[in-house]
Amino acid sequence: MGRIAVVVASRNRRELLLRTLRRHLALSERPRVVLVDDASADGTPEAVRAALPQVQVISLRESIGGAARNVGMEAIDEPYVALADDDSWWVPGALARAVALFDAHPRLAVLNARVLVGPEEREDDLCRVMAATPLPPAPGQPGYPILSFLAAAAVLRREAVLEVGGFSPRLGVGGEEELLSWDLAGAGWQLSYVPQLLAHHHPPRGRARPERREIGIRNTLWTTWLRRPAPAAARRTARQLLRFPADRTTVRGLARAAAGVPWVLRERAVSPPAVEAMRRMLEEEQLAHRRYVD
């Protein structure tokens, strides 16, 4: 196709990755496929180069988490980038539809697909949340306006993402999309959930990793204080503290967040008022929903 590339960031999931990379290579759009190996120790780069020479492989010596996607975006010249994890892939035709939407809407930076989870193809719960957004669309904006996205199933305008600095290397993996989304919106870009775009996500079954939840807690608090006005940041922090389970994982997550206070305060840059208004609208909707459910 020549106008879109698939960028996959992966770490230590060689066998799963080999299966999903084959799915990307089989897409009818024939996109360039780029693997950014995030310092794997299981021989992933060598295995991919041997089995799938069509895939462009970039090997990192040190892990940088979600920011590995930035490396992939910087290595290509296609204007649009379909992100995928090693356990997610796009359905044929989705990328061609995404290209057409981007071409028709020059201020559109992110398209989030409808995600079908597991062999049973259950719709991801977050898709229903995005479809119920209270945010008003900009004139002509396709789909449903959103203020965050799922990196495993999103297509990005490369220019827009690199313009605002891409994924933060400080956040690793775990809610790292939120900060980038707020920065894109602050720069005047649009983000949309378009359920006509489809992607599959087959996460491996197994126990949830406590470290991932620790990082999620840390990143939520860091992102909040990096971009929100102090009163709003304090309110969100208080609500999150009430929602976090009272366990050791939460304690460790809070300790991780506290360790980053100096750099967060040093790099803090509050989003424009229009973005804060969007966040308040989403919070009010969430609070109303919780009161209704309770």
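Return the loop-located trypsin sites (Lys or Arg not before Pro) in the range 169-255 (DSSP other than H, G, I, E, B) with at most 11 other Cβ atoms within 10 Å of their own Cβ; answer none if there are none.
Arg205, Arg207
Ranking Leu116, Leu171, Leu287 by Cβ neighbours within 10 Å, fewest first, what do you get? Mind showing how you got there, number by number?
On the way: Leu116 20, Leu171 25, Leu287 11.
In increasing order of surrounding Cβ atoms, one gets Leu287, Leu116, Leu171.
For the chain, what is the percent of antiparallel DSSP beta bridges, rounded to the nearest 5?
Working: 13 of 37 bridges.
Bridges in the chain that DSSP calls antiparallel: roughly 35 percent.
Sort out the exposed loop GluC sites (Glu not before Pro) in the chain (DSSP loop, at most 13 other Cβ within 10 Å) and tell me the longest stretch that has none.
Numbers: sites that count: Glu62, Glu120, Glu121.
My reading of the result: 122-294 is the longest stretch.
In deg cm²/dmol and to the nearest 500, what is the mean residue ellipticity at 222 nm of the chain if only DSSP H runs of at least 4 residues count, each as -39500 (n - 2.57), divided by the residue total?
Computed mean residue ellipticity for the chain: -13500 deg cm²/dmol.
In µm²/s, what is D for the chain at 37 °C and 0.692 mPa s, where D = kT/(6 pi eta Rh) by Stokes-Einstein and Rh is the Kirkwood radius from Cα pairs? Each step should come with its number before you reach the end.
Details: Rh = 19.8 Å.
Translational diffusion coefficient: 166 µm²/s.
With viscosity set to 0.692 mPa s and temperature to 37 °C, compute the Stokes-Einstein D of the range 1-145, Rh being the Kirkwood radius across alpha carbon pairs; µm²/s, no decimals.
The diffusion coefficient I find is 201 µm²/s.
For the range 62-157, just say rounded, prolate or oblate: build the C-alpha gyration tensor, square-root its eigenvalues into a ≥ b ≥ c, call rounded for a/c under 1.5, and beyond that prolate if a/b exceeds b/c, oblate if not.
oblate
Work the Kirkwood hydrodynamic radius out for the range 210-293: mean of 1/r over every pair of different alpha-carbon atoms, inverted, in Å.
13.7 Å
For a test of the definition: using alpha carbon positions, the gyration tensor, and the 1.5 limit on a/c, classify the range 89-235 as rounded, prolate or oblate.
Cα axes put the range 89-235 in the oblate bin.
FYI, it's all coordinate maths here, none of it is from the lab. Given the structure is predicted, the values throughout are model-derived calculations rather than measurements. Because the Cβ atoms are built from the backbone with ideal geometry, glycine has one as well, and the counts that use them run over all protein chains shown.
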